[in-house]
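Below is one structure, written out as structure tokens; the observations come after it.
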Amino acid sequence: MSEIDSTKKVYLIVHGQRQLVEPVKEKLADKFRRENMQAASLDKAGEVGDYVAMLWPPIAAKEIVVSQITGTGGSGGQGMGAWSSINQRELFRLSL
């Protein structure tokens with residue numbers, strides 16, 4: 001696993017399951033600062049070096065996939081909205 005920079009932001013993608021925001025933050029608290037965790041927005045994506053924690057699979061989440069943003073402005077992203085131009089590298093997965 002790569003070294004985690006706890007000063008970077010972590011964008012949380014919970015696919016509308018707001019009741020899981022706090023459990024996700026609890027699971028991530030060992031690796032990231034709570035003050036750097038925030039809900040992802042379709043209007044603005046993160047910067048290179050920031051992290052993304054996404055519930056997977058979207059409908060019946062069983063794990064949290066943590067990735068690092070490796071590039072912006074491309075067309076190779078897999079997300080929606082502003083996130084469609086973001087390239088990411090998966091770092092690890094945590095059981096939900």
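Return the residues of region 23-52 that are of a type in the set (Val, Ile, Thr), in a loop (DSSP other than H, G, I, E, B) and within 11 Å of the chain's Cα centre (by Cα); say none if nothing qualifies.
Applying the first criterion (of a type in the set (Val, Ile, Thr)) to region 23-52 yields 24, 48, 52.
Pick out the ones that are also in a loop (DSSP other than H, G, I, E, B) and you get 48.
Result: no residue meets the conditions.
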Q) Just to be sure, is Glu22 modelled with pLDDT of 95 or more, among the acidic types (Asp, Glu) and touching a strand residue (DSSP E or B) at 6+ places or on another chain (Cβ under 8 Å)? A) no
Q: Considering only region 58-90, state which residues are assigned to a strand (DSSP E or B) and either loosely packed, with under 14 Cβ neighbours inside 10 Å or on the phi > 0 side of the Ramachandran plot (or both).
A: Thr70, Gly71, Arg89, Glu90
Q. What single numbered condition from (1) more than 9 Å from the chain's Cα centre (by Cα); (2) aliphatic (A, V, I, L, M); (3) at pLDDT 95 or above fails to hold for Leu12?
A. (1)
Q) How do the pairs read when you match residues in region 30-57 that are farther than 22 Å from Leu96 by Cβ with residues anywhere that are part of a loop (DSSP other than H, G, I, E, B), using Cβ under 8 Å and keeping only pairs 6 or more apart or on different chains? A) Leu42/Met80; Ala45/Gly79; Glu47/Lys9; Gly49/Asp5; Gly49/Lys8
Q: Give Leu55, Leu20, Leu12 a once-over and let me know the one that is aliphatic (A, V, I, L, M) and assigned to a helix (DSSP H, G or I).
A: Leu20
Q: Being small (Gly, Ala, Ser) and surrounded by 12 or more Cβ atoms within 10 Å (Cβ to Cβ) is the filter here, so list the residues in region 7-43 that pass it.
A: Ala40, Ser41
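The values are calculated or read from the model by the stated rules, or taken from the named source; none is laboratory data. The structure presented is a predicted model; accordingly, all values stated were derived computationally and were not measured. With ideal geometry, Cβ positions are generated from the backbone for all residues, glycine too; neighbour counts draw on all protein chains shown.
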